[in-house]
Amino acid sequence: MSTDKKFAVAGVSTFEGKTKVRFANDTMRVKILGKNGHSDVQLVDLPHEMTKAEIGAHMIATGFGKGNAAIEAAVAYVIKKNPVATAAKVITTTVEKTAVVAE
């Protein structure tokens, strides 16, 4: 499910043999992940706050985890689950006009 929430930090970690992309707003997340038993924690500061879809595209563009099949699969999963919006949300309203003609 895609959301509009933005993150300043992103990366990957492995927990119980599964590598997943992690999103955060502070690099202190590394300590929490380590404390909870995650290994191979790799978090990077993003150039600006981004949505999950933007982060997936950024990771591909920068070659994040290139050559590591587990990381590439995790990034591909994020991109699949968070597609980039193809059209902007458009709000339309109906306006009724009444014209008065002076005779």
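The values are calculated or read from the model by the stated rules, or taken from the named source; none is laboratory data. Worth saying up front: this structure is predicted, and the values here are computed from it rather than measured. Note: ideal-geometry Cβ built from the backbone for every residue, glycine included; neighbour counts use all protein chains shown.
Please find, within segment 19-42, the residue that is nearest to V9 (Cα to Cα) out of those that are crowded, with 18+ Cβ neighbours inside 10 Å and touching a Ser or Thr at 6+ places or on another chain (Cβ under 6 Å). Ranking the candidates gives R22 first. Taking the criterion of being more than 16 Å from the chain's Cα centre (by Cα) and among the charged types (D, E, K, R), the residues of segment 30-83 that qualify are K31, K35, D40, K66. When you look at F15, is it of a type in the set (F, W, Y) and modelled with pLDDT under 95, yes or no? No, not satisfied.
Quick grid of which residues meet (1) in contact with a strand residue (DSSP E or B) (Cβ under 9 Å, 6 or more places away or on another chain); (2) over 21 Å from V84 (Cβ atoms); (3) outside any loop (DSSP other than H, G, I, E, B); (4) not acidic (D, E):
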residue	(1), (2), (3), (4)
D4	no, no, no, no
S13	yes, yes, yes, yes
T19	yes, yes, yes, yes
T27	yes, yes, no, yes
V30	yes, yes, yes, yes
P47	no, no, yes, yes
A53	no, no, yes, yes
M59	yes, no, yes, yes
G67	no, yes, no, yes
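Within segment 1-51, being in contact with a helix residue (DSSP H, G or I) (Cβ under 9 Å, 6 or more places away or on another chain), among the β-branched types (V, I, T) and without any contact (Cβ under 8 Å) to a residue 40 or more places away in the chain holds for V9, V41, V44.
Checking each residue in segment 4-34 for being out of contact with any Lys or Arg (no Cβ under 9 Å at 6 or more places or on another chain) and of a type in the set (F, W, Y) picks out only F15.
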